[in-house]
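What follows is one structure encoded as structure tokens, with my remarks underneath.
The values are calculated or read from the model by the stated rules, or taken from the named source; none is laboratory data. In this text, all values refer to a predicted model and were calculated from it rather than measured experimentally. Methodologically, a virtual Cβ is constructed for each residue, glycine included, from the backbone with ideal geometry; neighbour enumeration extends over all protein chains shown. Ligands, DNA and RNA are excluded from the accessible area calculation, which covers all protein heavy atoms including side chains. Shrake-Rupley method; radii C 1.70, N 1.55, O 1.52, S 1.80 Å.
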Amino acid sequence: MWHYHGSNNDVEYVNSEYGKNMVKLLYVRREGKVHCIKELEVSVHLRLNSVKEYMIGENCDVIPTDTIQNTILALAKCNGIKTIEEFGKDICEYFITSFCHVLFVSAFIQEVPWQRLEKDCVPHVHAFLFSPAGIRFCEVEQCQNGPAIVFSGIKDLKLMKTTQSGFSGFLKDKYTTLPERTDRILTTEILIKWNYGECQDVDYDCIWKTVHECALDAFSGPPETGHYSPSYQKTVNDIQMLILDTVPEIEAVEMILSNIHYLFTDLEKLGLCNDKEVRIKY
């Protein structure tokens, strides 16, 4: 990306990153009869110390995207993959330390949600079930002569509660058509992203599971009663505050809640009484 200020001499390069996107790999770790798997989608971007490949078409410093892909696969083989965060740090460290002209590396890694299959509470040694209760992802960034900065996250986490939610008392003007509701179905698709500050010894697996549990608990409330959500904003705050109170290693957390609407539909024209049982999804 560049900004143009009137002549060729006034071009300012704002972002000259390039890289390889969506490298898909499956890593299988065998411990005797017990197998563990990680299926990942990895995107890696680099920023070099010059832009001559853009300006004059000179490619002598360009690390091909094919090399980036092969490096990702080789690091999986040589280092293994314990967590996506640690693998992201391995990738960033490799490019920063192996190429003196690489100024910045970023790795975005998304994990496919496989869970070990169980029968009668007995885990299977090598069979797995696709179970998308939220997608785990991370972003790792590293600059030359600097430490890796790690972000972790959950996306595509869909939650629903059929009561204990409403939205009322909001500002109304001549363009407002939304009716007030004190009892509605609340369904959301959640993205949560957090960072660890300068923490180095982090149990990424444990923290991810804890954040996931915090999101479920703050959204739903106690299993016997639930708790009331007066707005999207209050639900966001409840989840964020529970995460920050529960996980001291987390420095900051951001969230996006996208509402999914199931609206009441009138069935009187069909000769039926709809007592809030049937709704249309929008």
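When you check Thr176 against the structure, is it modelled with pLDDT of 95 or more, among the polar types (S, T, N, Q) and over 25 Å from Pro132 (Cα atoms), yes or no?
When the stated conditions are applied, Thr176 passes them.
If you scan region 26-35, which residues turn out to be more than 14 Å from Lys82 (Cα to Cα) and assigned to a strand (DSSP E or B)?
Across region 26-35, the qualifying residue is only Val34.
Scanning region 156-175 for residues that are open to solvent by 50 Å² or more (accessible area, probe 1.4 Å) and farther than 21 Å from Lys281 by Cα, which turns out nearest to the chain's Cα centre (by Cα)?
Ser168
Can you give me the number of residues within region 207-231 that are over 18 Å from Lys158 (Cα atoms) and under 16 Å from the mean Cα position of the chain (by Cα)?
Count: 1.
Is it true that Lys89 is surrounded by fewer than 16 Cβ atoms within 10 Å (Cβ to Cβ), of a type in the set (D, E, K, R), within 24 Å of Cys206 (Cα to Cα) and within 27 Å of the chain's Cα centre (by Cα)?
no
Taking region 53-83 as the region of interest, how many residues are assigned to a loop (DSSP other than H, G, I, E, B) and open to solvent by 60 Å² or more (accessible area, probe 1.4 Å)?
Of the residues in that region, 6 qualify.
Of all residues in region 1-36 being aliphatic (A, V, I, L, M) and either closer than 24 Å to Phe104 by Cα or more than 28 Å from the chain's Cα centre (by Cα) (or both), which is modelled with the lowest pLDDT?
That would be Met1.
What are the pairs with Cβ atoms under 6 angstrom where one residue, in region 180-195, is under 23 Å from Leu263 (Cα atoms) and the other, located anywhere, is in a loop (DSSP other than H, G, I, E, B) and open to solvent by 30 Å² or more (accessible area, probe 1.4 Å)? Sequence gap at least six, or different chains.
Taking only residues 6 or more apart or on different chains, the pairs are Glu180/Ser168; Thr182/Ser168; Asp183/Thr163; Ile185/Thr162.
Let's see how each residue does on (1) open to solvent by less than 30 Å² (accessible area, probe 1.4 Å); (2) at pLDDT 95 or above:
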{"residue": "Cys121", "(1), (2)": "no, no"}
{"residue": "Leu129", "(1), (2)": "no, yes"}
{"residue": "Ala133", "(1), (2)": "no, no"}
{"residue": "Glu139", "(1), (2)": "no, yes"}
{"residue": "Gly146", "(1), (2)": "yes, no"}
{"residue": "Phe151", "(1), (2)": "no, yes"}
{"residue": "Ile154", "(1), (2)": "yes, yes"}
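Of the residues in region 151-172, how many are assigned to a strand (DSSP E or B), touching a Leu at 6+ places or on another chain (Cβ under 9 Å) and farther than 9 Å from Leu191 by Cα?
Result for region 151-172: 5.
Could you name every one of the strands (runs of 3 or more DSSP E) located completely within region 190-282 that has at least 2 residues being touching a strand residue (DSSP E or B) at 6+ places or on another chain (Cβ under 6 Å) and open to solvent by 70 Å² or more (accessible area, probe 1.4 Å)?
By residue number, 252-260, 279-281.
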